[in-house]
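Notes follow the structure.
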Amino acid sequence: MSANPPWPSDGAAAPIEQEIIPPNVQTAHAERPDPETAVALEKRWADPEPGIIGSLKAIQNDAVGGRIMITAFSFFLVAGLLALLMRLQLIKPENTLVGPNTFNGLFTMHGSTMMYLFAVPMIEGLAIVLLPVLLGNREMPFPRLGVFSYFTFLLGGILFFSSYLLRSVPDAGWFAYAPLSGPEFSPGIALDYWLLALGVAEVAAIAAGIEIIIAILRMRAPGMSLGRMPLFAWSMLVTAFSILFAFTPLIIGSLLLELDRKIGSQFFNPNMGGSPVLWQHLFWIFGHPEVYIQFIPASGMMAMVIPVFARRRLIGYPLVVVSMVATGFMSFLLWVHHMFSVGLPQVTLGIFSAASIFIAIPTGVQIFAYVATVLFGRPQWKTAFLFAVGFLVTFVLGGITGVMVGVVPFDWQVHDSYFVVAHLHYVLIGGVVFPIFGTLYYWMPKFTGKLLNERLGKINFWLMFVGFHVAFFPQHISGLMGMPRRVYTYPPGMGWDIFNFISTIGAFILASGVLVFIVNFFYSNRVGDPTGRNPWGADTLEWSLPSPPPNYGFSVLPIIHSRHPLWDQATLSEGSASVRKVVQGLAAWPLRWRAALITSDVEARPVEIFRVSEPSFWPIVCSVGLVTVFGSEIFSLRPVALLGILVVVIGVVGWNWPEPVPTPMEEELAYEEHFDIPVRQHGSRVVARSAMALWLLLLGIALTSFMFSYFFLQVESDVWPQGNLPLPTAEWVAVATVCLLLNGFIVRRAVREIQDGRQLRVRLLLALGFVLETAVLVLLVYDLAQMPFDWRTNAYGSIFFALGGFMLLMLLIGLGINLFTQFWAWRGIYSPERFTPIDNTSLYWLVMIPYWLLVIGILYGSPYLGA
Amino acid sequence: MLSFTPAARRRQWLGFVGSPAVWTLYFVAVYVLNEAACKLTLLGATAVLPVATVLALLTLAAVGYAGWLAYQAWREGDGAEAEDGGGNGRFLGLTGLLLSSLFALMTVAVWVAAWVLRPC
């Protein structure tokens, strides 16, 4: 470390009394462009046209993220109303406000909506709005993917609630346990609504997760190394990866259950070799991380709010990062603690119990860091901070009961009782809802330009805080007294009456707090004064911009030297000559296309300038097509589903259709030479490559879920293949394997040829690859068609065809990618400088080789191991 | 501004996510081992402790290696931050070391469960 760096350090140790940041601190502001440039930038980055069509094409991150948040909040209100109905029903014993079937629908819709349609989208929406300004860049890497995510989520949510119109409301709980949710015990379409409408919303969550990962890792301001990244970004990085790893098994599980319901497969039918416990595994492999998918970003939000209102730097920043990452990993290995009462071997219970209890270590580290920051700070008791304190108090109580239910004998005692209901609401409302409200108070100026009213805010907080504890604390007691969850009523004289009465009163107090928030939102927006740039004297980059920020975010990207740039840096434009040259250059050029900066992952050095996608209608076409596929399948309308698939394919092609280049190539090259940084008008190579890698990771996770299901069924069976079916032979797939290996060599060669500029060879190689890939597909189809059993025969047949079918799907997608790339190769748009689609096609097919070997090895090899 | 070589960056990432990733694999392996041992004739219940012990030792070695990489990244970071300051260049090394320590502890915790409980 140099003796005197020209800027302050990252908050290195200093006496505590010197660490207090004065509330009226003067903070740096983002460098403003000259008026002419500002107008040009604003025009370039504003959404395209007024009116409905323009609005549908809007891709700006503020618009997309804001819409996601408002929609998610609307679902929160609806789910809250359902909860109030439930509490009214339970206010006294033997109440007849609603019947058992309605009550089943109420708790299913309440839980499912809160988990799938409120918490995760709300957090992702917040990330999409905030990340570009928080990280000091201009946009998200895939604005169109954000639009696709929003409309898919919105339409999926509407589809889910349309079940009320047909009186086919899902009623098997938010976990939809088989066999209750299977074709025998839930014969109508209610569970199809649950599986398919929520399935499509899960796709939306994954789509947003992909762009969040790339934004955080590759689109930060120069100098914002990982060690200087705001903790909300760290938390979203962990969360977005968790979404990929958690939502995918759920989608696969939902697919298998839907296949059981619709085409007669036997995955979860114990009479035909299936296992209902398999559903529990697939569900909880998603379900437990889901809790942390909500908690980790909420913790990240609080890590932003607490230092600002405690007026000091967060204590233990590296420890909080470590604990977020550790929590992310550990959260995937706790799922069996939801299944302690299933009847599992002792060591299995032991290791999952150990992990469930040990996760309190990283979670506790976060809490201690926040408490210590408050303790050594000089708190300002604004509403946002009150919610942060409410979070600490409530989440700690929920965490303590969490450790209790992590202990196997205690869990057996309280399993499926109201104690668990109390625990999960302490964790989810305390650990997620309070932080979300706190951050709405904190960041509202950046959304609307107005501060929310503090007096109403405090009423809002106290009503919610008191109402929450009045509602849920008594449920610990009624649970310990034996009251089971998910019952629509209870007899008098069990000693539960008073606790249920108090709970219902508390629920209405809590709801009145939410109502005050809504009133405050409209009131403050109507009569509030425009707020300044940084009303809280906060430390992170978004507060260096006007409230709300301009559409282009930063004109001159900031250069970062500290974790708390606005507290530590007098200006945001100091830095080495080369970096200054890049950011100053980007401020002035280009003004004819949306340009943003790619930086390196660890140290955030400028890597390339790229063109962010322009507004487009195609993502909505894809969303509509996808929701049509899922929606029509609810009613088994296969021709409509096929039409939906066609719409999706057309949408994807339109989406990826190359756009005309707005700037002449000479101008681009001149810029590159002058500013010494690559320029990618055709789109970023880094972003495209990262997206393909994440897509392949996603396919790998899905494949792992299928493989897990296969081995689970194999281990659970007495005979394998079940029903003494003949062992499969692999002659045809052996030929297909040779074709695939040859294809790997060919597509790799195509990349080398384009780098050498040999266009004709590239075209021929891609065409030859296409022939080989088609041969692989045809051979696999032929082999599957020869099998003397099908998916209806037994669970072995079901998983055999499911795994084989998934491999077919991956091959089909690869063929589509090759076809698209080849089309443009024959049109001659690739060059030694611009060949990312060829590179990505090659990567896809190379990764298909290990995936294929795994699938074929399992399908054709593992039956020889027997049961 | 910091600047790392691709090799240094690889070491940083491996040191950072290596130990939790290895521990995850170890945990799943012990889980599958135990489930299989209780159901399959191929593998008896008595095999759980010795196999889990071997897996635990391998995992500890791998976690230790990740910790070593993190330590190297930490040391290299000292030199990389000549004009940067504040421990910025050492961040991934430091956090990698902390993660390795935590997951070494977690490895032992899982192994203890296999040690003190009957498998099936």
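The values are calculated or read from the model by the stated rules, or taken from the named source; none is laboratory data. The structure displayed is predicted, hence computed values, not measured ones. With ideal geometry, Cβ positions are generated from the backbone for all residues, glycine too; neighbour counts draw on all protein chains shown. Ligands, DNA and RNA are excluded from the accessible area calculation, which covers all protein heavy atoms including side chains. Shrake-Rupley method; radii C 1.70, N 1.55, O 1.52, S 1.80 Å.
Given a 1.4 Å probe and no ligands, DNA or RNA in the count, how much accessible surface is buried by B and A, both sides, to the nearest 100 Å²? Adding both sides of the contact gives about 4200 Å². For chain B, which whole percent of the accessible surface, found with a 1.4 angstrom probe, sits on carbon and sulfur atoms? The value for chain B is 72 percent carbon and sulfur by accessible area. Summarised in one figure, the compactness ratio Rg/Rh of segment A:404-511, Cα atoms and Kirkwood Rh, is 1.10.
Compared with its chain on its own, segment A:697-732 contains the following residues whose accessible area drops by 40 Å² or more in the full protein assembly (probe 1.4 Å; ligands, DNA and RNA excluded): A:V715. Would you work out what percent of the accessible area of chain A, with all protein chains in place, is carbon or sulfur (probe 1.4 Å)? The nonpolar share, carbon plus sulfur, comes to 68 percent.
Put a dot 7 Å past the Cα of B:A109, heading toward its Cβ, do the same for B:V28, and the two dots end up 2.0 nm apart. Remark: mean inter-chain Cβ contacts per residue of A:602-609 equal 4, using a 10 Å Cβ-Cβ cutoff to other protein chain atoms.
From the Kirkwood radius over Cα pairs of segment A:593-682, Stokes-Einstein at 37 °C and 0.692 mPa s returns a whole-number translational diffusion coefficient of 207 µm²/s.
Could you tally the net charge around A:P143, taking each other residue with its Cβ under 12 Å from the Cβ of A:P143, Lys/Arg +1 and Asp/Glu -1? Mind dumping the intermediate values first?
Values: positive: A:K57, A:R138, A:R144, A:R594, A:R611; negative: A:D47, A:D62, A:E139, A:E211, A:E614.
Taking every other residue near A:P143 into account, the sum is 0.
Once the mean of 1/r is taken over each pair of separate Cα atoms and inverted, segment A:173-245 shows a Kirkwood hydrodynamic radius of 14.9 Å.
Give a quick list of trypsin sites (Lys or Arg not before Pro) in segment A:725-819 that DSSP marks as loop, anything other than H, G, I, E or B, with at most 16 other Cβ atoms within 10 Å. Here the sparse-neighbourhood loop sites are A:R758, A:R792.
Mind checking the per residue accessible area of segment A:309-441 for me, 1.4 Å probe, whole number of Å²?
28 Å²
On the principal axes of its alpha carbon atoms, segment A:240-396 extends 65, 34, 24 Å, with the longest extent given first. When all alpha carbon pairs of segment A:791-851 are counted in 5 Å bins from zero, the resulting P(r) reads 4, 16, 20, 16, 13, 10, 8, 5, 4, 2, 1 %. On the principal axes of its alpha-carbon atoms, chain B has extents of 62, 24, 15 Å, going from largest to smallest. Restricting the calculation to alpha carbons of segment A:277-316 gives Rg and Dmax of 16.1, 51 angstrom.
Given the -39500 (n - 2.57) contribution per DSSP H run of 4+ residues, what per-residue ellipticity at 222 nm results for the protein assembly as shown, rounded to the nearest 500 deg cm²/dmol? Spell out each step's value before the answer.
On the way: 31 runs with 635 residues, N = 987.
Calculated mean residue ellipticity at 222 nm is -22000 deg cm²/dmol.
Just tell me how shielded A:225-233 is by partners: mean number of partner chain Cβ atoms within 10 Å of each residue's Cβ, no decimals. Present the calculation step by step, with values, prior to reporting the outcome.
Numbers: counts 10, 7, 14, 4, 1, 0, 0, 0, 0.
What the average comes to for A:225-233 is 4.
Computed from the Cα positions only, the extents of chain A along the three principal axes stand at 84, 76, 54 Å, in decreasing order. The distance linking segment A:270-327 with segment A:409-460 is 15 Å (Cα centroid to Cα centroid, whole angstrom).
Membrane-span-like helices in chain B, defined purely by DSSP H runs whose alpha carbon atoms cover 20 Å or more axially and whose average Kyte-Doolittle hydropathy reaches 1.0, are B:91-116.
Interface burial in segment B:22-53, defined as at least 30 Å² less accessible area with all protein chains than with the chain alone at a 1.4 Å probe, covers B:W23, B:T24, B:F27, B:Y31, B:N34, B:E35, B:K39, B:L40. Listed by chain and number, the lysines placed with their C-alpha closer than 30 angstrom to that of A:K581 are A:K43, A:K446; residues fewer than eight positions away on the same chain are left out.
In a DSSP loop and with at most 12 other Cβ atoms within 10 Å, the trypsin sites (Lys or Arg not before Pro) in segment A:163-223 are A:R167.
For segment A:512-624, treating each Cα as an identical point scatterer without solvent, what Debye log10 I(q)/I(0) comes out at q = 0.16 1/Å? At q = 0.16 Å⁻¹ the computed log10 ratios are -0.95.
Take every DSSP beta bridge whose two residues both sit in the protein assembly as shown, then give the antiparallel share in percent to the nearest 5. Around 80 percent of the beta bridges assigned by DSSP in the protein assembly as shown are antiparallel ones.
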